[in-house]
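See structure below.
The values are calculated or read from the model by the stated rules, or taken from the named source; none is laboratory data. Model, not experiment: these values are computed from the prediction. Positions of Cβ are generated from backbone atoms using ideal geometry, with glycine treated the same way; all protein chains shown enter the neighbour counts. Calculation scope for accessible area: heavy atoms of the full protein, side chains included, ligands and nucleic acids excluded. Shrake-Rupley method; radii C 1.70, N 1.55, O 1.52, S 1.80 Å.
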Amino acid sequence: MDSRTNNEDQIETEGMADNKSSRRQFLKKMSIAAAAGSASLVVGGCGGSLKTEEMGLKWEEYFKEHYRLMTQEEKDATVKRLERLAKLERGIDVQMSNQEPHEQVLYGYAFNISRCKGYMDCVEACVKENNLDRRAKTQYVRIFEMDPGKLDPTAGDGQFFHEVPVDNKFYMGVQCFHCENAPCIKACPTKATWREPDGIVVVDYDWCIGCRYCLAACPYWGRRFNWGDPEVPKEEINLNQHYLGNRMRMKGVMEKCTFCVQRTRKGKLPACADACPTGSRVFGNLLDPNSEIRFVLKNKKVFRFKEDLGTEPKFWYFMD
Amino acid sequence: MNKIPYGVGVFFVALAAVVLVDQSAVASGAAGAESVTDRINHATEPYDSMRVSTAYELSVKTVQSKEQYQGGDFKVLARKDQISRFRCSVCHNDKPVLIQNGALFTHGDVKLNHGLGNNQLTCNECHSMGNRDFLVDKEGQKIDFDHSYQLCGKCHFRQKRDWLGGAHGKREAYWAGERVVRNCTSCHNPHSPAFATKMPATYSLPLDE
């Protein structure tokens, strides 16, 4: 069942391995030598051993491998470095995971447009869970108030300042739909974004060059760009992080909904589904015939947004 | 002249057939990659989500459901310990009540708004007259407060069917591990079950911003 996708992924990564330039290796070696040299200079200059450590870690981080080409040891090492850097730079004790996907799991999502009442608790929970930029007001999830008969969220209104729900309106949420045939992945020139075997489309923030081709390619407005360094108050930072998920992003990289990879791989619901007070959000394993999401697909009226594009989103809308 | 022996001819035909079949298999494999819906429909093997070892037991109180979910057992959030004045028979017994406590005991805080228009339900449509510690259905069956879905489902049978399957209501915290779902009364106030209007928590920017 999974072999097809795995093979496909394998081919992609193999191609990357072939291209792996010795230049990178060379630069890495050079950098370590340079780091050692400059570190000794710094030590001689101002004696800040913490500063030296931070700089050394940053050198190592800068010349690390693409996440999919890393061995498990390298993945563990980068996560350790990032945890230490978070401590040195921000003074926070992050627990960063690099948990791999579960076998025989393909995540899927369903959204009940006849139950959603526009309370927007999901949006708020997502912002807190995923350490989203408070200054630029980045949101992965958006809710729009819609007139009956319209199914195009561009025609909806997201800035309603009145009590909800309103009679004769319905509410439609949009976010990344984690397409099986995702245009954003094809658009990325550096292969910094890919689909994991459990169906989650992720970004390696350290590999993204910020060209925003993926943002232009996505027909669902699912991707966000960091125009500045994201600002999150120190006491509000979620310390349970994942390398591919809610770890702190930096200026000039793309980010997006990851189905809360740091939660879902631990068996938890995504923050939006957990926060919804109306039960409009159904999440589960598409490969399990006994899951809730499969019940919805089998027994309810479902549709996918812009299905004719052939992007195969794993996000269904349904109604009672 | 140049007669090809029969055996060799058969061999070539067979080889050609093998090559053709092989090519067509490759072609279909490359062109018709399985869509995600096909992949979902072909997945018929149940997934044992207890394998996700980090999905551990919840701290909230639950009870084993008296009904089945897709052929399996599941749990619902307990209700009785959420009712502040349970057990009801502490007051509802044969002993007299002091008149000073009357106001407190009359359930004046309960706003009943259950039913359409003038067809409002009254207390004893759901609460048992004979035994106040239980609910009662129209057939006179006693129903435990923890299993109120059995009573709600008598009228709202479509919602109950969806709730059993997972299209109505919600799971508690985990998609994996033991299935724990919210009771009807965990989300709906049984005396006034429609969700109240309230101000949204935040707002969303337009899609192109």
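Descriptive notes on the structure:
- First in region B:133-149 and free of Cβ contacts under 8 Å to residues at least 24 places away in the same chain and over 15 Å from B:CYS123 (Cβ atoms), second anywhere and part of a loop (DSSP other than H, G, I, E, B) and open to solvent by 20 Å² or more (accessible area, probe 1.4 Å), Cβ under 6 Å, 6 or more apart: B:LYS142/B:PHE134
- Extreme residue, nearest to the other protein chains (Cβ to nearest Cβ), among residues of region B:148-167 that are open to solvent by less than 40 Å² (accessible area, probe 1.4 Å) and not in a helix (DSSP H, G or I): B:GLY166
- Test result for A:ARG265, surrounded by 24 or more Cβ atoms within 10 Å (Cβ to Cβ) and not acidic (Asp, Glu): yes
- Looking only at region B:47-65, and only at residues there that are within 11 Å of chain A (Cβ to nearest Cβ), assigned to a loop (DSSP other than H, G, I, E, B) and exposed (fewer than 15 other Cβ atoms within 10 Å of the Cβ), the one that is modelled with the highest pLDDT: B:ASP48
- Failed item in (1) within 22 Å of A:ASN181 (Cβ to Cβ); (2) open to solvent by 10 Å² or more (accessible area, probe 1.4 Å), with A:LYS301 passing the rest: (1)
- Taking (1) open to solvent by 70 Å² or more (accessible area, probe 1.4 Å); (2) in a helix (DSSP H, G or I); (3) farther than 30 Å from B:ALA196 by Cβ in turn, B:GLY130 satisfies each apart from (2).
- Where B:ARG87 falls short, out of the listed (1) open to solvent by 60 Å² or more (accessible area, probe 1.4 Å); (2) in contact with a Pro (Cβ under 9 Å, 6 or more places away or on another chain): (2)
- Across region A:204-218, not a single residue is classified as more than 14 Å from A:PHE259 (Cα to Cα) and in a strand (DSSP E or B).
- Boolean, A:LEU132 is more than 30 Å from A:LYS234 (Cβ to Cβ) and open to solvent by less than 70 Å² (accessible area, probe 1.4 Å): no
- For region A:79-114, taking the residues that are more than 14 Å from chain B (Cβ to nearest Cβ) and in a loop (DSSP other than H, G, I, E, B), the one that is most open to solvent (accessible area, probe 1.4 Å) is identified as A:ASP93.
- Selection count where residues are part of a strand (DSSP E or B) and more than 9 Å from chain A (Cβ to nearest Cβ), scope region B:182-209: 2
- Filter result (closer than 22 Å to A:ASP320 by Cβ and of a type in the set (A, V, I, L, M)) within region A:155-193: A:VAL164, A:VAL166, A:MET172, A:VAL174
- Test: residue in region B:66-85 that is assigned to a helix (DSSP H, G or I), among the charged types (D, E, K, R) and under 14 Å from B:ASN183 (Cα atoms): yes
- Residue in region A:256-271 that is farther than 18 Å from A:ILE200 by Cα and aromatic (Phe, Trp, Tyr) present: no
- Hits in region A:115-148 - residues which are over 19 Å from A:VAL201 (Cα atoms), in contact (Cβ under 8 Å) with a residue 12 or more places away in the chain and assigned to a loop (DSSP other than H, G, I, E, B): A:ARG115, A:CYS116, A:LYS117, A:GLY118, A:TYR119, A:MET120, A:ASP133, A:ARG134, A:ARG135, A:ALA136, A:ASP147, A:PRO148
- B:VAL180 meets all of the listed conditions (1) surrounded by 11 or more Cβ atoms within 10 Å (Cβ to Cβ); (2) at pLDDT below 90; (3) aliphatic (A, V, I, L, M) but one, namely (2).
- Contacts under 8 angstrom Cβ, first residue in region B:81-92 being more than 10 Å from B:ARG132 (Cα to Cα), partner modelled with pLDDT under 85, 6 or more apart: B:ARG85/B:CYS91
- Taking the listed residues B:LYS95, B:LYS111, B:LYS170, the one that is in contact (Cβ under 8 Å) with a residue 12 or more places away in the chain and open to solvent by 60 Å² or more (accessible area, probe 1.4 Å) is B:LYS111, with no other qualifying.
- From the options A:LYS251, A:LYS191, A:LYS169, A:LYS234, residue that is basic (Lys, Arg), open to solvent by 30 Å² or more (accessible area, probe 1.4 Å), under 21 Å from A:TRP316 (Cα atoms) and assigned by TED's automatic domain parsing to the domain that holds A:VAL127: A:LYS169
- The listed residue being open to solvent by 20 Å² or more (accessible area, probe 1.4 Å) and within 25 Å of A:LYS186 (Cβ to Cβ), out of A:ALA275, A:ALA217: A:ALA217
- Among the conditions (1) touching a residue at least 12 places away in the same chain (Cβ under 8 Å); (2) within 11 Å of chain B (Cβ to nearest Cβ); (3) not in a strand (DSSP E or B); (4) not β-branched (Val, Ile, Thr), the only one that A:LEU151 does not satisfy is (2).
- Just one of the numbered conditions (1) more than 12 Å from chain A (Cβ to nearest Cβ); (2) open to solvent by 80 Å² or more (accessible area, probe 1.4 Å) is not true of B:GLN68: (1).
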